[in-house]
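What follows is calculated from the coordinates using simple rules that are stated; it is not laboratory data. Quick caveat: nothing in here was measured; it's all calculated off a predicted structure. Neighbour counts are summed over all protein chains in view; Cβ atoms, including those assigned to glycine, are modelled from backbone coordinates with ideal geometry.
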Amino acid sequence: MTMNHRRNLTNRCNALKSTGPRSAAGKRASSQNSRKHGLNSTPDFESSREFRALVDLIAEEGFSAFACADIAAGLLNYRRVMDAYYDTYTSPEPVNEFMRDMNVKASIPIFRELLSPSGSEPQDVREMAAFFASMQRQERRKGGPVPRRSSDTHKLIRYQRNGIARLSRAIRQG
Amino acid sequence: MLYNVHFGIYVDVAMPVEDKSKPLLPFLSSPKLLPDESEAEFQSGLQSLLSELDNPSPLAVALISQLNECIWWIRRHTVDKELLLHEAMARLLSREGSNWMGSGNSKLSVALEHYLNGSAQTDQAALIGEALSDANLTLSDLRARAFKDAARHIKMVDDLIHRQHQTIRHLQRSIDSIDYKSRLIKRMDLELAALESKQSVKGVLQLDDEPS
């Protein structure tokens with residue numbers, strides 16, 4: 001058995017032990033996995049009222065029937081992308097400012113005070129501080145509202161590029 | 001005949017070419033704006049773009065409105081770049097200084113915003129001065145460190161702006177193509193009309209030359 005094969009098997013065995021996110025932050029992050037912008041689905045423009053109206057409008061400009069359909073679909077598709085772009089930009093994931101801005105080191109005495117009634121060990125305080133630090137790292141990685149909306153809209157760049165390329169090609173070839 | 005063309009536009013197809021930009025205005029007057037943005041400003045930008053075309057066809061007007069939207073996105077993203085920097089500066093100040101609880105950061109953020117705009121009140125300027133001395137930083141140091149901190153996100157916003165520029169270029173080429181097409185059609189129509197008139201004159205002359 002080669003070294004690579006053995007390594008692969010080990011990796012696969014280890015991966016089987018994984019049972020998904022365990023921390024609260026991990027669970028919170030994975031709960032957002034199903035959030036979609038819907039731009040990967042194939043829309044049915046041809047049966048919409050807007051499509052037919054646009055086709056009639058474009059036909060007035062001397063384009064062939066095929067080109068009219070292509071341009072209308074391109075324009076509607078581009079609008080769909082830009083609407084999703086706007087929605088993504090205006091509704092970023094909310095920021096937990098308290099978690100993001102807190103100074104974990106400075107709050108250790110407070111943790112100690114909070115845990116003292118239960119006769120806690122220093123280990124408990126350390127664990128609590130580590131937990132808050134990891135939550136904070138998660139929160140800071142996402143940044144404030146502006147970084148969040150920037151990184152969210154950044155994911156839609158390729159849809160915008162494809163949308164405008166399709167529209168522009170349809171018009172120039174029409 | 002009135003058509004409802006996406007986003008609630010009503011276009012009168014039967015109107016003469018000169019007036020086509022006017023009925024398209026409702027289409028353009030329902031843009032998706034942010035709460036603090038002025039619709040009048042959006043419309044005036046659009047009008048100035050439209051005024052650069054002689055007889056814009058409905059398709060050209062639709063493309064120009066997309067182009068105007070791209071310009072607005074560039075403006076929004078440019079503001080975001082500055083906001084990213086301010087946010088990073090406030091975060092750094094809050095982290096370095098003694099304002100360790102969440103409530104300190106938003107207050108500091110507002111004070112910093114006013115301070116950088118030159119509209120800070122005395123207590124806000126004092127807060128920033130105190131926070132800077134607490135963090136042992138000058139304003140330019142803070143700005144440089146914040147830039148480094150927010151570099152990843154600033155790069156993302158730069159990408160977004162670049163994408164809008166590319167989109168504008170595509171839209172311009174498409175508008176040029178429509179304009180060229182309409183000119184070509186007009187020219188061909190004129191040439192055809194000229195040929196037809198020549199042909200008819202020839203026909204009349206031939207009829208005249210025929211011996212009776």
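See the values below:
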quantity: Full-stretch length increase - B:A126, B:L207 - with 0.36 nm per residue and alpha-carbon distance subtracted; calculated: 19.1 nm
quantity: C-alpha long axis of helix A:3-17 to longest principal axis of chain A, angle in °; calculated: 80 degrees
quantity: Nearest-ten-degree value, helix A:65-90 long axis tilted from longest Cα axis of chain A; calculated: 20 degrees
quantity: Kirkwood-type radius of the stretch B:151-201, with distances r between different C-alpha atoms, in Å; calculated: 14.3 Å
quantity: Inter-site label distance for B:Q172 and A:K27 at 7 Å from Cα along Cβ, in nm; calculated: 5.4 nm
quantity: Modelled FRET efficiency - R0 35 Å, B:S200 with A:A65, Cβ distances, 0.05 increments; calculated: 0.60
quantity: Check: the protein assembly as shown dipole with +1 on Lys, Arg Cβ and -1 on Asp, Glu Cβ, in debye; calculated: 2600 debye
quantity: Distance in nm between pseudo-label sites at A:Q173 and B:K107 (7 Å out along the Cβ direction from Cα); calculated: 6.2 nm
quantity: Relative contact order (%) - the stretch A:97-155, alpha-carbon pairs under 8 angstrom, separation at least six; calculated: 44 percent
quantity: Under 21 Å between alpha carbons - lysine pairs in the stretch B:75-212 that sit 8 or more apart or on different chains; calculated: 4
quantity: Order of B:M156, B:M89 under a 10 Å beta carbon neighbour criterion, fewest first; calculated: B:M156, B:M89
quantity: All-pairs Cα distance distribution in the protein assembly as shown, expressed in whole percent, bin size 20 Å; calculated: 21, 38, 27, 10, 3, 1, 0
quantity: Loop-located trypsin sites (Lys or Arg not before Pro) in the stretch A:17-98 whose Cβ has at most 10 other Cβ within 10 Å (DSSP); calculated: A:R22, A:R35, A:K36
quantity: Chain A: angle of helix A:145-154 to the longest principal axis, Cα-based, in degrees nearest 10; calculated: 50 degrees
quantity: Residues B:L63, A:L9, B:L139 arranged by fewest to most Cβ contacts within 10 Å; calculated: A:L9, B:L139, B:L63
quantity: Contact order normalised by residue count of the stretch B:93-201, Cα under 8 Å, 6+ apart, percent; calculated: 19 percent
